[in-house]
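Beneath this line is the structure, given in structure tokens, with notes to follow.
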Amino acid sequence: MTHLFQTPSRRSVLAGGAALGLATMTGLPGLAQTPKRGGSIRIAMAEGSSQDTLNPWTYTDIYMLSVGLATHSTLTEIAADGSLVGDAALSWEGSNGAKTWTFKLRPEVSFSDGRKLTADDVIASIKYHAGEDSGSSMRSTAETIADYRKDGDDTVIFELIGPNADFPYLMADYHFLMLPLEDGQVNWRDYIGTGGYVLTDHDPGVRTLLTRRDDYWKSDRAWFDEIEILYVGDVSARTNALQTGEMDIISRVDLKTINLLERMPNINVVEATGFLHYTFPMNTTAAPFDNKDLRLALKYGINREAMVQTILNGRGAIGNDHPIAPKMPYHDGSIEQRAYDPDKAKFHLKKAGYDSIDISCSAADAAFSGAVDATVLYKEHLAPAGINLTVDRRPSDGYWSDVWMKKPFLASYWGGRPTCDWMFSTGYAADAKWNDTFWQNDRFNELLIKARGELDEALRAEMYGEMQRLVRDDGGALVWGFGNYIFATTNKIAHGPEVASNWELDGGRWAERWWVA
């Protein structure tokens, strides 16, 4: 069976179907305008770290994601309406039961130093994430590719170790940037990319300056002349900078003051519903979290409704301890919703061998806006069950390098992924670099491989349903809520009527898609 995909096109049934959520927007007078070139803008990001590097292996948050997608291409791209379209790839074709994928490259794609993107560059860029020495979160994905071939300079053929109906979607991941091949290795250090901007200054955890390429191969993208990205971790400082016009865009609006911002005539608030979810991951290899009943006690000990209302200001939905959002393909709505039950928490605590227990949970608002408050609220929820939670407050700078996947229990979040396989492979597979609960379940990993190549929709849905149950009941992720991506701009900024919600800020592609009104 052969399946042909060519841009522009909607995602096929083979790849799982279903568009992403659309945005709800307030104001936005600039939407009717035709995009135009010019202007310099400043954006304040809620995330960023002094330990950020230009190596795409290391990208963990919206700051470096945005820089990477502004300066580089990926093979495919998730459009604002949720469809999968080509970026550097013109078309892609699956064959051999979804084990073989052939990508045709756009002939016009060039690097910022004038070189054309070739099949050799593409192969090297994806291969860079595989191998024992790889530090990439996409290592496990790259290692599913058994062989790379090229057919001339414009065609790349991937032979997978097993069928994967979602493979073209994975090529949209922000780690799989197109890098130039030099002397047998990819060159990421000079930050030569195929994107619409070039990096002219980068001070990690402080500031990044981008300048538009006059020779960019997309004539309908990359409108700004210059972009200044700043890390501003304090939400009040971000909000004040937007109100005074010092900043043109801010990420992660303060939900406590969002109603005030929405009433301001010069401010536009944009809210996009996608796959964002908030978690308290537990390291299942570290005591006491290596005990399943202890993990269940912590899951029954959280009041999810109160968390969504208090921390998310009601702008979200309760979670059920697995990462598959209600709007995602193969979400299993038949799974019973776990509710706050201190008595059940006590039962499982006793079953784990404790009458009471002292536990520490690390948190900083770098995890998500309100993460410290969420942990304090969780402490109150746990108290009736005999679980004494200490809130270990951590600095925001370095949180993702020094705390996440280092401390056994902490506040965290996931931007989510558009498909079950992508989400499970990235954060829950035994060999996943970002398996932040260090969870290993043989049945889950067996199903992951089977479901990936299953072309029967009913069987695939059954497998993904079982996997959601395994994560919910055995895993170490306490997924308490799904939130909305909410950002704000001044009237200076315009964009299309839809913004992508696969990641923050229009799927991280705001630098390429937006313009000065």
Considering only the range 371-391, state which residues are over 16 Å from L478 (Cβ atoms) and not in a helix (DSSP H, G or I). G386, N388, T390
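Report yes if A364 is touching a residue at least 24 places away in the same chain (Cβ under 8 Å) and crowded, with 23+ Cβ neighbours inside 10 Å, otherwise no. Steps first, answer last, please.
Details: touching a residue at least 24 places away in the same chain (Cβ under 8 Å): yes; crowded, with 23+ Cβ neighbours inside 10 Å: yes.
Considered against the rule, which asks whether it is touching a residue at least 24 places away in the same chain (Cβ under 8 Å) and crowded, with 23+ Cβ neighbours inside 10 Å, A364 comes out as yes.
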Counting only residues that are in a loop (DSSP other than H, G, I, E, B) and either among the hydrophobic types (A, V, I, L, M, F, W, C) or without any contact (Cβ under 8 Å) to a residue 40 or more places away in the chain (or both), the range 455-500 contains a total of 4
Among the residues that make up the range 400-407, is at least one of them closer than 24 Å to A98 by Cβ and polar (S, T, N, Q)? no
Just need a number here: residues in the range 423-444 that are surrounded by 22 or more Cβ atoms within 10 Å (Cβ to Cβ) and farther than 18 Å from D321 by Cβ. 1
Going residue by residue through the range 452-468, is there one that turns out to be at pLDDT below 95, among the aliphatic types (A, V, I, L, M) and buried (at least 18 other Cβ atoms within 10 Å of the Cβ)? no
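Name the residue that is farthest from the chain's Cα centre (by Cα), counting only residues in the range 271-295 that are among the hydrophobic types (A, V, I, L, M, F, W, C) and at pLDDT below 95. Before you say what the answer is, go through the steps one by one.
From the range 271-295, those among the hydrophobic types (A, V, I, L, M, F, W, C) are 272, 275-276, 280, 282, 286-287, 289, 294; that's our starting set.
Now restrict to residues that are at pLDDT below 95: 272, 275-276.
Details: A272: 14, F275: 8, L276: 8 Å.
Within the range 271-295, the match that is farthest from the chain's Cα centre (by Cα) is A272.
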All positions within the range 397-433 that are among the polar types (S, T, N, Q) and in a loop (DSSP other than H, G, I, E, B): T419
Run D436 past the list (1) assigned to a helix (DSSP H, G or I); (2) within 22 Å of the chain's Cα centre (by Cα); (3) farther than 24 Å from T100 by Cβ and report the number of the one that doesn't hold. (1)
Log entry, pairs with first residue in the range 205-226 being surrounded by 15 or more Cβ atoms within 10 Å (Cβ to Cβ), second being among the β-branched types (V, I, T) and assigned to a loop (DSSP other than H, G, I, E, B), beta carbons closer than 7 Å, six or more apart or on different chains, reads W217/V109
Might you check whether a residue that is among the small types (G, A, S) and not in a loop (DSSP other than H, G, I, E, B) occurs anywhere in the range 197-214? no
State whether the residues of the range 383-401 include one that is of a type outside the set (D, E), modelled with pLDDT under 95 and under 25 Å from Q309 (Cβ atoms). yes
Given (1) assigned to a loop (DSSP other than H, G, I, E, B); (2) touching a strand residue (DSSP E or B) at 6+ places or on another chain (Cβ under 9 Å); (3) not charged (D, E, K, R), number of the condition A345 does not satisfy: (1)
In the range 158-204, what residues are within 19 Å of W510 (Cβ to Cβ) and among the small types (G, A, S)? A172, G193, G195, G196
How many residues does the range 321-337 contain that are touching a helix residue (DSSP H, G or I) at 6+ places or on another chain (Cβ under 6 Å) and either part of a helix (DSSP H, G or I) or closer than 23 Å to L377 by Cβ (or both)? 3
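Quick one: is E512 acidic (D, E) and buried (at least 20 other Cβ atoms within 10 Å of the Cβ)?
Values: acidic (D, E): yes; buried (at least 20 other Cβ atoms within 10 Å of the Cβ): yes.
So E512 passes the test.
The values are calculated or read from the model by the stated rules, or taken from the named source; none is laboratory data. Given the structure is predicted, the values throughout are model-derived calculations rather than measurements. Glycine also receives a Cβ, built like all others from the backbone with ideal geometry; neighbour counts cover every protein chain displayed.
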